[in-house]
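Trainee: The structure's right below; bear with me while I get my questions together.
Derivation of every value follows stated rules applied to the coordinates shown; laboratory data play no part. It should be emphasised that the depicted structure is a prediction, and the values quoted were computed from it without experimental measurement. Here the Cβ is made from the backbone with ideal geometry for all residues, glycine too, and neighbour counts use every protein chain on show.
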Amino acid sequence: SNATSTTLPSTPEQKDFLRMLKGQLEELNLSDIVLNEENWFLTATLPANTDKPYDKIGFISHVDTAAFNAENISPQIHENYDGGDIALGNSGFVLSPKEFPNLKNYIGQTLITTDGTTLLGADDKAGIAEIMQAMCYLRDHPEIEHGDIRVGFNPDEEIGKGAHHFDVKRFGCEWAYTMDGGDLGGLEYENFNAAGA
C-alpha cells in the first residue's frame, strides 16, 4: 500500500492480487464470490454442510503489505530454530531474542524470515494462506460440520484506508475474525483506529 496515494486501492498490485485470489476461490468452488470493484473487497462463502443452526462466521485478511521494498523477495528458512540470534542474510540485520523475546516461543520450529533486504510480507500473506488453506481443508473434510463460512479480503489495511469501506451488513456474519499474523492460538482484540487514538 501507499499512504500518499489518492486511489482505491492505493496501489495497482492490490487489484492484481485480488483478481488472482478471486480465481482461486472459484477453483475451490466457493459460492457468492464477489469482487466489488468500487471498494475492492473480495468476499465469498463456503456453504454450510449441515442443517444444524450454526452461526455464520467470517475470516478476513488484507492483501497489502507495508510500504517497503517487496520485490525480489528472498525468504530464508531456519529449520529447528535453536533460540539464538538469526542473521538476516548478508544485510547486517539480526533478529535477536534480546530485542524480540517472543522468539523463544519458537525453539525447535521452522522459521521463515526475510534476508534483510526486502519485506517478507507475511503480514498479511500468512493470513491469506491460513484462510485459503482452511477453506480447502473444510471442503475436503465434510465430516467437520459447519454453518456458512464467509471469507473477505481487503486492500489498504496497512495505511488505515481499507476497513471503512467494508460492508458489514452484506458480509452478514454473527462473528468475524481477522487473520493477521498473530501468535498461534492468539486472538486480536484491538482496532486500527483505536490503537492510533
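Trainee: Angle check, please: helix 122-140 long axis (alpha carbons) against the longest principal axis of the chain (alpha carbons), in degrees 0 to 90, nearest 10.
Mentor: Helix 122-140 sits roughly 40 degrees off the main axis of the chain.
Trainee: Roughly speaking, what is the stretch gain from Glu13 to Ser31, that is 0.36 nm per residue apart minus the C-alpha to C-alpha distance, in nm to one decimal?
Mentor: Net length gain for the segment: 4.0 nm.
Trainee: Next up: Please compute the Kirkwood hydrodynamic radius of the chain from all pairs of different C-alpha atoms, in Å with one decimal.
Mentor: It works out to 18.5 Å.
Trainee: Picking from Ala66, Ala176, Ala48, which is most flexible by a Gaussian network model of the chain using Cα springs under 10 Å?
Mentor: Residue with maximal mean-square fluctuation among Ala66, Ala176, Ala48: Ala48.
Trainee: Only loop residues by DSSP count here, and only those with at most 16 other Cβ atoms within 10 Å; note down the trypsin sites (Lys or Arg not before Pro) in segment 70-134 that meet that.
Mentor: Answer by residue number: Lys98.
Trainee: Taking the chain as a Gaussian network, where each spring joins two C-alpha atoms under 10 Å apart, which residue of Glu13, Glu99, Glu71 fluctuates the most?
Mentor: Looking only at Glu13, Glu99, Glu71, the largest GNM fluctuation is found for Glu99.
Trainee: Let me check I've understood the local charge: for Glu71, count other residues with C-beta under 14 angstrom from its C-beta, Lys and Arg +1, Asp and Glu -1. What total comes out?
Mentor: Value of the local net charge: -3.
Trainee: Here's a follow-up. If you add up the charges near Gly108, with Lys and Arg at +1 and Asp and Glu at -1, over every other residue whose beta carbon is less than 12 angstrom from its beta carbon, what do you get?
Mentor: Surrounding charge for Gly108 is -1.
Trainee: Provide the net charge surrounding Asp51, with neighbours chosen by a C-beta distance below 15 Å and charges set as Lys +1, Arg +1, Asp -1, Glu -1.
Mentor: Spelling it out: positives minus negatives among the neighbours equals -1.
Trainee: On a 0 to 90° scale, report how tilted helix 12-27 is relative to the longest principal axis of the chain, with both axes built from alpha carbons and the result rounded to the nearest 10.
Mentor: Around 60 degrees separate the two axes.
Trainee: Please turn the phi angles of segment 30-37 into ³J(HN,Hα) values with the Karplus equation 6.51 cos²θ - 1.76 cosθ + 1.60 (θ = phi - 60°), one per residue in order, whole Hz, x for glycine and proline.
Mentor: Whole-Hz 3J(HN,Hα) from phi for segment 30-37: 6, 10, 6, 7, 9, 10, 7, 7.
Trainee: Please find, in a Gaussian network model of the chain (springs between Cα atoms separated by less than 10 Å), the residue of Gly152, Gly108, Gly185 whose mean-square fluctuation is greatest.
Mentor: Comparing Gly152, Gly108, Gly185 in a Gaussian network model of the chain, the most mobile one is Gly185.
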